[in-house]
1. How about region 44-78: which trypsin sites (Lys or Arg not before Pro) there lie in a loop by DSSP and see at most 12 other Cβ atoms within 10 Å?
2. Gain in length, Phe40 to Asn11, computed as 0.36 nm per residue apart minus the alpha-carbon separation, to one decimal in nm?
3. Using just the C-alpha positions of the chain as equal point scatterers, what log10 of I(q)/I(0) does the Debye formula give at each q in 0.17, 0.24 1/Å?
4. Tell me, in nm to one decimal, what length is gained between Lys69 and Asp57 on full extension, where the rule is 0.36 nm per residue of separation less the Cα-Cα distance?
5. With a 10 Å Cβ neighbour count serving as the proxy for reagent exposure, in which order, fewest first, do His74, His83 appear?
Amino acid sequence: MKPGAVYFMANRKNGAIYTGVTSDLIKRVYQHRNGLVDGFTKDHDCKKLVWFEMFDDLEEARRREVQIKKWKRHWKIKRIEEHNPDWDDLWFDIVK
């Protein structure tokens, strides 16, 4: 069993939000922050990790990502603001 994480990257408060899943949160967020991942996050300058949820099993994280991708935008914003009301960049919390 490999651990996993579901996460939101954003460009600013109430801005563009990207939902992703990974087995290595630090590595993946580093890639987004440094423009190493082509696609939505690079195109919309989503460099801030604003929310994440950890799982013991990557497959469970993938199932959660599928659920979250069906959410309405305001549900995602509510989830972020429940845990991170100022939309702070959580990168500095995970690399400590």
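1. Values: sites: Lys47, Lys48, Arg62, Arg63, Arg64, Lys69, Lys70, Lys72, Arg73, Lys76, Lys78; in loops: Lys47, Lys70, Lys72.
For trypsin sites (Lys or Arg not before Pro) across region 44-78 that sit outside H, G, I, E and B with at most 12 neighbouring Cβ atoms in 10 Å, the list reads Lys70, Lys72.
2. Details: separation 29, 0.36 × 29 = 10.44 nm, distance 1.09 nm.
Length difference between fully extended and current span is 9.3 nm.
3. The Debye formula, applied to the Cα set alone, gives -0.69, -1.39.
4. On the way: separation 12, 0.36 × 12 = 4.32 nm, distance 1.87 nm.
That works out to 2.5 nm of additional length.
5. Working: His74 8, His83 11.
With the fewest neighbours first, His74, His83 line up as His74, His83.
Just so you know, all these numbers are worked out from the coordinates, no wet-lab data involved. Since the structure is predicted, the reported quantities are computational estimates derived from the model, not experimental observations. A quick note on method: Cβ atoms are made from the backbone with ideal geometry, for glycine too, and the neighbour counts reach across all protein chains shown.
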